[in-house]
Every structure is written in C-alpha cells, then in structure tokens.
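Presented below is the structure to which this report refers.
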Amino acid sequence: MKKSRTFKFCLVAILGVFTLAACERQALNLPRKRRAGEVGRQSRDKPSATIFGETGSGLFGGSKSQNSATSGGGLGVNSYLWRATLDTIAFMPLSSADPFGGVIITEWYSPPETPNERFKMNILIKDKSLRADGVRASLFRQVKDATGGWVDAAIQKDAGTKMEDAILTRARQLRNETRNLK
C-alpha cells in the first residue's frame, strides 16, 4: 500500500516537471489583441519572457538566446531542413510529423500516372545544424499483384539519396532567402 502511494507521488512529481517545462514557452503577460491583418511577430533582438526568466530554464538543452535560424527555433531539429522536407514531400499525405524528434512519415501515395504502384517515405532529420548528413530518407514501393493485393517491390538504390539531395537543395534555398531578407 505504501509503495503504491510513493509510486503515485513520484509519477505526479514527474508529470509536474514536464508540465512546467512545457509551460516554459508561455509568455508571462498576455499578448494584446491583434488587429486585422497583423501578423504576430516577436522582435529577434528581444527574447521572450517565460516563467523561467528571459532565457528559459535550459532544462532540456541550451538557452533561448541561441540564434533560432541555426538552432531550429522552437523545433528540435534544423528549421530549414524541416520546412524543406515538408515542401519537398508536399504532394504526399502525411501520416505523422514530429518536429521535436525530426521524424516525418507519409501515408502511401499512388501517382495518378501509375495507379498500380504506390510509395511511402520515412524521413529523419538528425541534427539542429544544416549539414549534408543531417537528413535521412527511406523510400518504400509497392505494386499490385494479379490478385489486386499490394506487394513490396524494388526501388532504385539511389532514390533515398536523390530525395535527401532535393531536401538539402530546398533547405539551402530557404536559408539564402532568409539571409537576403535581413
């Protein structure tokens, strides 16, 4: 009985820590009401105030004073790679997208030109920096057999590399566009 009570207390304490960490991003004062057409932007020079102070708690790595363009901002991965990946695979329906873990999984997609085959992608963004080895793409292909069922089929060996190159190219374009705006 006592062990159960201790376990429950520890569980509540751990959940409380995670709740506070999640609240870290909340501003202390409520934002003013936005006018029509106004986009909610925050000054890049002034960090946001949180319940843990202006730079955050640093509980889960780093402070908020890091450059958001290189560190990924509120994402757990590089923001350019994340946006470039979503842009590159925009034609495919998403099954799951985790911006903190850097995992994007698509649903099966069948191109209109070839309705007897379908494709699926799993993409992993591995780092907060924009690097050539920062993204890994796995592609899967299936074709319909004589009975109408889907069976796994071979895919070009370099298909994953081509997808990674397309994502990296788009990420560089996004980074250059951002630099030109400054």
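Mean separation of Cα pairs under 8 Å and 6+ residues apart, divided by the residue count of segment 79-181: what relative contact order is that in percent?
Relative contact order for segment 79-181 comes out at 25 percent.
Which residue, chosen from 104, 142, 92, occupies the Cα position most advanced towards the positive end of the dipole of segment 92-168, where the dipole is computed from +1 (Lys, Arg) and -1 (Asp, Glu) charges on Cβ about the Cα centre?
Of 104, 142, 92, it is 104.
Going by how many other beta carbons lie within 10 Å of each one, how would you line up 138, 96, 79, fewest first?
Starting with the residue having the fewest Cβ neighbours, the order is 96, 138, 79.
Every number here is computed from the coordinates shown, using simple stated rules; none is lab data. Worth saying up front: this structure is predicted, and the values here are computed from it rather than measured. All Cβ positions, even for glycine, are placed from backbone atoms using ideal geometry, and neighbour counts span all protein chains on display.
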